[in-house]
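Student: The structure that follows is given in the form of structure tokens.
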């Protein structure tokens, strides 16, 4: 897709060059509003069959046979054998949200089949990440015969070697990319293996665990428990994997399930967030539910997170739910403190932002929060960000988040001689190294960015899906059509619209010194607009007075006092002095 770019207040805004005849054809064929027909074209969905598949998201077109996953049949056969022979099975998860939901899902899949199964989640501080030799030894000492990893294990070479020596059958299920070779194990279920024929590669750890459970239930000719679908929904959305293809299908099905069958743990999560709408959408999961589920990974004992999600004991769910509410509130305070500290380092020049990398460390930053802060820094500055918690034994344990144009996993791979551990994806990774290696890692990453990225690559960009020339288009019809585009998330973001020539009805309001609320008018229609976390726009828009300007934003279903209304959530503005600065693909 070709774009023309204009400079907004914060972002370089890309406006797509769209075939308007194709837009009209799609709008008429699928009875869609013009704005959403434009969105399909902007996202290169022009073929009728592709559009039909996107809008309906059928199992037939998107769900693939789990037997195609390398070693899945072998793993299922060993699990069936363990169940029949009453052998003990241990699930080894991880302390983050994907690991906790994966562990819960595996448990809820195995327990109804009569498995003698337990789980172990490492402590973030005491044990570190993933499967360790200590865990393997404990499993063998307690007479476990099968060890199943979820959301980890693909780099657990020493632990896998010990498991083999102790005659413990290790089944690795993971979604992280393997290194040059994989550990020795009874079975490895990971779609990223070079010789894995499974066509869809973008699962979270919980998705890989689900495929194994789905194959097990298929062979048993049993229906998958609904709770498993709920856990798949939570983990997939929380781990921010692409909501395309099979992920899209299962998240859509998960939303349908939780709106029809509300578990007790979901009731508690909704009450904590004061959620009052009659229906959960994917954006609600992301904004109201996921932050609390993420807090499960920061519990002193992550096992409580599994017990909460399984929800067998109502009083226990209530107890952990209160802890999650308190933790989520305190997390916001800590997060703001860290952000303020990093911003201070940038403003003082301690962090040289001109090198297009944010990398800094502190012994006072909790390891469980720095990943969230790194994401916020990327959003605010558009720079790859690495933040580290410094330990008392001389290690730096970090979380990375990156921009689309810079593959952070590849960059870390090129500097693996400096690292003790690392793993992740192109846009997010975790690592540990000796503190004395931080300066060299910083230099290498800065040099790589300078060498490989252009000035255009490093500008914060916001790509628009459609132009809207009349505020009347933001109607109940558009909101109804928008449901067909659900679920929204990574790689299927909510459509972003470019709205031309609006005028302020009255002076903007600054809410809590943070959010900007205004009312705009265009062609006889008045709409409310809210700009979250954009206090910088207050003076700019106030100065516009009665002069027209353009808004880039999304449309939301606002729910208040039992009534839905259409509200525009602004992201950026373009004033008329801004000029078109060029074209690109």
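The values are calculated or read from the model by the stated rules, or taken from the named source; none is laboratory data. Small disclaimer: the values here were computed from a predicted structure and weren't measured. Methodologically, a virtual Cβ is constructed for each residue, glycine included, from the backbone with ideal geometry; neighbour enumeration extends over all protein chains shown.
Student: Please report, ordered by residue number, the helices (runs of 4 or more DSSP H) entirely within the range 108-225 with at least 3 residues that are more than 26 Å from residue 237 (Cβ to Cβ). Let's see the steps before the verdict.
Tutor: Details: elements: 133-141, 157-165, 205-220.
The qualifying helices (runs of 4 or more DSSP H) are 133-141, 157-165.
Student: Another one. From 378, 317, 373, grab the single residue that is out of contact with any strand residue (DSSP E or B) (no Cβ under 8 Å at 6 or more places or on another chain) and modelled with pLDDT of 95 or more.
Tutor: Within the list 378, 317, 373, the selection yields 317.
Student: For the range 271-287, enumerate the residues that are closer than 19 Å to residue 320 by Cα, surrounded by fewer than 17 Cβ atoms within 10 Å (Cβ to Cβ) and in contact with a helix residue (DSSP H, G or I) (Cβ under 6 Å, 6 or more places away or on another chain).
Tutor: Scanning the range 271-287 gives 273, 275.
Student: For the range 14-35, what are the residues that are surrounded by 15 or more Cβ atoms within 10 Å (Cβ to Cβ) and over 33 Å from the mean Cα position of the chain (by Cα)?
Tutor: Passing the criteria: only 25.
Student: Could we say that residue 329 is at pLDDT 90 or above and either within 14 Å of the chain's Cα centre (by Cα) or surrounded by fewer than 19 Cβ atoms within 10 Å (Cβ to Cβ) (or both) here?
Tutor: On the way: at pLDDT 90 or above: no; either within 14 Å of the chain's Cα centre (by Cα) or surrounded by fewer than 19 Cβ atoms within 10 Å (Cβ to Cβ) (or both): yes.
Judged against the criteria, residue 329 is not a match.
Student: Working carefully through the options 552, 573, 502, 468, find the one that is buried (at least 18 other Cβ atoms within 10 Å of the Cβ), within 20 Å of residue 42 (Cα to Cα) and in contact with a helix residue (DSSP H, G or I) (Cβ under 9 Å, 6 or more places away or on another chain). Walk me through it before giving the result.
Tutor: Numbers: 552 fails: in contact with a helix residue (DSSP H, G or I) (Cβ under 9 Å, 6 or more places away or on another chain); 573 fails: within 20 Å of residue 42 (Cα to Cα); 502 fails: within 20 Å of residue 42 (Cα to Cα).
Step by step, each of 552, 573, 502, 468 is checked, and only 468 is buried (at least 18 other Cβ atoms within 10 Å of the Cβ), within 20 Å of residue 42 (Cα to Cα) and in contact with a helix residue (DSSP H, G or I) (Cβ under 9 Å, 6 or more places away or on another chain).
Student: Can you report the number of residues in the range 44-68 which are buried (at least 19 other Cβ atoms within 10 Å of the Cβ) and assigned to a loop (DSSP other than H, G, I, E, B)?
Tutor: Here the count works out to 1.
Student: Looking at the structure I just gave you, is residue 341 outside the structural domain of residue 103 (by the TED database), closer than 18 Å to residue 366 by Cα, at pLDDT 95 or above and part of a helix (DSSP H, G or I)?
Tutor: So residue 341 fits the description; yes.
Student: Further question on the same structure: How about the range 344-415: which strands (runs of 3 or more DSSP E) wholly inside it have at least 3 residues that are touching a helix residue (DSSP H, G or I) at 6+ places or on another chain (Cβ under 9 Å) and more than 23 Å from residue 98 (Cα to Cα)?
Tutor: Of the strands (runs of 3 or more DSSP E) lying wholly inside the range 344-415, those with at least 3 residues that are touching a helix residue (DSSP H, G or I) at 6+ places or on another chain (Cβ under 9 Å) and more than 23 Å from residue 98 (Cα to Cα) span 358-362.
Student: Now for a different question. Looking at residue 299, is it in contact with a helix residue (DSSP H, G or I) (Cβ under 6 Å, 6 or more places away or on another chain) and either in the same structural domain as residue 443 (by the TED database) or part of a helix (DSSP H, G or I) (or both)?
Tutor: The answer is no for residue 299.
Student: Determine which member of the set 151, 94, 71, 141 is within 23 Å of the chain's Cα centre (by Cα) and modelled with pLDDT of 95 or more.
Tutor: 151
Student: Evaluate the following for residue 528: is it over 22 Å from residue 4 (Cβ atoms), under 24 Å from the mean Cα position of the chain (by Cα) and surrounded by fewer than 17 Cβ atoms within 10 Å (Cβ to Cβ)?
Tutor: Considered against the rule, which asks whether it is over 22 Å from residue 4 (Cβ atoms), under 24 Å from the mean Cα position of the chain (by Cα) and surrounded by fewer than 17 Cβ atoms within 10 Å (Cβ to Cβ), residue 528 comes out as no.
Student: Filter the range 476-499 for residues that are surrounded by 13 or more Cβ atoms within 10 Å (Cβ to Cβ) and more than 25 Å from the chain's Cα centre (by Cα); which is nearest to residue 541 (Cα to Cα)? Full working, then the answer.
Tutor: Applying the first criterion (surrounded by 13 or more Cβ atoms within 10 Å (Cβ to Cβ)) to the range 476-499 yields 477-479, 481-482, 484-499.
Narrowing the set further to residues that are more than 25 Å from the chain's Cα centre (by Cα) leaves 477-478, 498-499.
Numbers: 477: 30, 478: 27, 498: 17, 499: 15 Å.
Ranking the qualifying residues of the range 476-499, first place goes to 499.
Student: Identify the residue in the range 185-210 that is under 16 Å from residue 67 (Cα atoms) and under 17 Å from the mean Cα position of the chain (by Cα) and, among all such residues, is surrounded by the most Cβ atoms within 10 Å (Cβ to Cβ).
Tutor: It comes out as 203.
Student: May I ask you to say which residue of 271, 302 is at pLDDT below 85 and more than 19 Å from the chain's Cα centre (by Cα)?
Tutor: 302
Student: Give the range 239-256 a look and list any residue that's without any contact (Cβ under 8 Å) to a residue 40 or more places away in the chain and buried (at least 18 other Cβ atoms within 10 Å of the Cβ), or say none.
Tutor: Of everything in the range 239-256, just one residue is without any contact (Cβ under 8 Å) to a residue 40 or more places away in the chain and buried (at least 18 other Cβ atoms within 10 Å of the Cβ), namely 254.
Student: Please indicate, with yes or no, whether at least one residue in the range 269-281 is in contact (Cβ under 8 Å) with a residue 40 or more places away in the chain and touching a strand residue (DSSP E or B) at 6+ places or on another chain (Cβ under 6 Å).
Tutor: Yes.
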